[in-house]
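The values are calculated or read from the model by the stated rules, or taken from the named source; none is laboratory data. Please read these numbers as outputs of a predicted model, since none were measured by experiment. Cβ placement follows ideal geometry from the backbone for every residue including glycine, while neighbour counts extend to all protein chains displayed. Quick note on the areas: whole protein, heavy atoms, side chains included, nothing else; ligands and nucleic acids left out. Shrake-Rupley method; radii C 1.70, N 1.55, O 1.52, S 1.80 Å.
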Amino acid sequence: MVEKRFIVVTDNETRFNELSDALKSTGTSVWLHWNTDLLAQLVGSLGTDIVFVDFIGDNAERAAELTRSLLVVYPRLWVVGFSHRADSALILEAMRAGARDFIELQSPMDALRTVKAILEQSPALPAQPSGKLITILGARPGIGTTTAAMHLSLLLKQEYLPDQPILLLDFGYPSGDAALYLDTKVAFNFCDAVRSLRRFDQALLNTAFAHHKSGLAIMSLPQNLADLRDITPTDAMTMLSLLKSYFKVVVVDLGGFAGLDLLLYALGISDHIELVCEQSLPSVYSARQLLMNLRERGFDTEQIGLLTGKYDTRIDLAPAQIAQNLQIRLDGNLPQRTDKMIACANIGKPLLEVAPKDPYLNVLRGIAADLAKGTGAKVQGPIQNATIFERYFS
Ligand SMILES: Nc1ncnc2c1ncn2[C@@H]1O[C@H](COP(=O)(O)OP(=O)(O)OP(=O)(O)O)[C@@H](O)[C@H]1O
Ligand SMILES: [Mg+2]
């Protein structure tokens, strides 16, 4: 049997030792303290078969709360409560919060037996540690959000992390733009994925998700946005989190997406956020409105970087001024490439294929390189352009 890994959440070292002793014949236990905001993230990045949560004494309420929030992020996680002795009220509280089982520290043999039984039933978690989520926001329609998100994900897949699963989640509206730009048919949309939440696994991902010929996975919103009403917001949020554990990087195009709750949730679990804004007053105005809305809802907008869209040196309004006005950092300027972009659109090919050395792409390469490094995966570094061309497009 493969050695299992457990996470034990408690503040008490003695209890951790008791539990890890009881379980040492089946696997290794990792000790995590309560008081860490990173708890949910750590659970994802460590990868685990079971998380044991301390329900002792006046901890029960906090433990139930933690169990619930872990299950929102990792619905397939097996959480098991523990205490010295369990009474039925405590067990009920744990089960209500979503725990799969409950064990007593006072009877280590029983605990071990329970854990062995659980391991036989528990599904294998994705072996991948949690991936990174990058969100591209757009100040207003038509400024190049989708083009930026599409090329960023394409660069990650083709040049930096070719061996890793990368997803482009096209939440832009009208839906399906990215798929159109990449000439890829997307039959399985975000709502379909949410509806398959309970049976979501690697096999479904391989078969149902659309893939561009580079290997980049693509998922869009349904053509008919009314379909979004059929799925619960919690399920949609869970799906987003789950995608993070199946893909090394998920690039979300949130240009023009109006659902503020899902938007806030996506931002909340994002590791990197860029806002595309043009050098025009209406665009800056919309960006300000968006940032103000986010701040009002308690979101810390300092995490957001500015990407100037369709940048033109001849325009008076300088990117630094825009950044200052919006009170966010300037991450780069995407040069205006109107003729090239139209030419690409007309032959249904991305700029990366038509002109791999275009300066527009170099701006995104800078961001892609940083992101790739942050994933902890082995980074390829930009492959020679000629090679990419042969590998994917010939
Ligand atoms: N840097 C650029 N220079 C010139 N044109 C660009 C640039 N980036 C994108 N475009 C063009 O602008 C148009 C809109 O681009 P895109 O679809 O990426 O924008 P968007 O912000 O996602 O728009 P929408 O609101 O329609 O989703 C497209 O025709 C695209 O080719
Ligand atoms: Mg778009």
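Confirm whether E274 is open to solvent by 60 Å² or more (accessible area, probe 1.4 Å) and of a type outside the set (A, V, I, L, M). Spelling it out, it is not the case that E274 is open to solvent by 60 Å² or more (accessible area, probe 1.4 Å) and of a type outside the set (A, V, I, L, M).
Tally time: how many residues in region 175-187 are more than 12 Å from ligand 2 (Cβ to nearest atom) and either touching a Ser or Thr at 6+ places or on another chain (Cβ under 9 Å) or small (G, A, S) (or both)? Working first, answer last.
Here is the first cut: in region 175-187, the residues more than 12 Å from ligand 2 (Cβ to nearest atom) are 182-187.
From what's left, either touching a Ser or Thr at 6+ places or on another chain (Cβ under 9 Å) or small (G, A, S) (or both): 182, 186-187.
Within region 175-187, residues that are more than 12 Å from ligand 2 (Cβ to nearest atom) and either touching a Ser or Thr at 6+ places or on another chain (Cβ under 9 Å) or small (G, A, S) (or both) number 3.
Could you name every one of the strands (runs of 3 or more DSSP E) located completely within region 72-174 that has at least 1 residues being within 16 Å of ligand 2 (Cβ to nearest atom) and within 30 Å of Q279 (Cα to Cα)? Explain how you work it out, then say what you get.
Details: elements: 79-83, 101-104, 132-138, 166-170.
Result: 132-138, 166-170.
Suppose the filter is touching a Gly at 6+ places or on another chain (Cβ under 8 Å) and either in contact (Cβ under 8 Å) with a residue 12 or more places away in the chain or outside any helix (DSSP H, G or I) (or both); does G332 pass it? Yes, satisfied. Could you tell me whether L180 is within 13 Å of ligand 1 (Cβ to nearest atom) and open to solvent by 30 Å² or more (accessible area, probe 1.4 Å)? Taking the combined requirement at face value, the residue satisfies it. Per the conditions (1) surrounded by 14 or more Cβ atoms within 10 Å (Cβ to Cβ); (2) more than 10 Å from ligand 1 (Cβ to nearest atom); (3) at pLDDT 95 or above; (4) not hydrophobic (A, V, I, L, M, F, W, C), the sole criterion not satisfied by E353 is (3).
The sole residue among G309, G366 that is assigned to a strand (DSSP E or B) and either surrounded by 14 or more Cβ atoms within 10 Å (Cβ to Cβ) or touching a residue at least 12 places away in the same chain (Cβ under 8 Å) (or both) is G309. Applying the criterion of being closer than 23 Å to N17 by Cβ and open to solvent by 30 Å² or more (accessible area, probe 1.4 Å) to the residues of region 67-85, the residue that is modelled with the lowest pLDDT is R85.
Whenever a residue of region 285-304 is in a loop (DSSP other than H, G, I, E, B), its partners that are open to solvent by less than 80 Å² (accessible area, probe 1.4 Å), lying with C-beta atoms within less than 7 angstrom and at least six residues away or across chains, give the pairs R297/L264; F299/L264; F299/L267. When the test is whether a residue is away from ligand 1 (no atom under 16 Å from the Cβ) and either of a type outside the set (S, T, Y) or surrounded by fewer than 22 Cβ atoms within 10 Å (Cβ to Cβ) (or both), M150 does not pass it.
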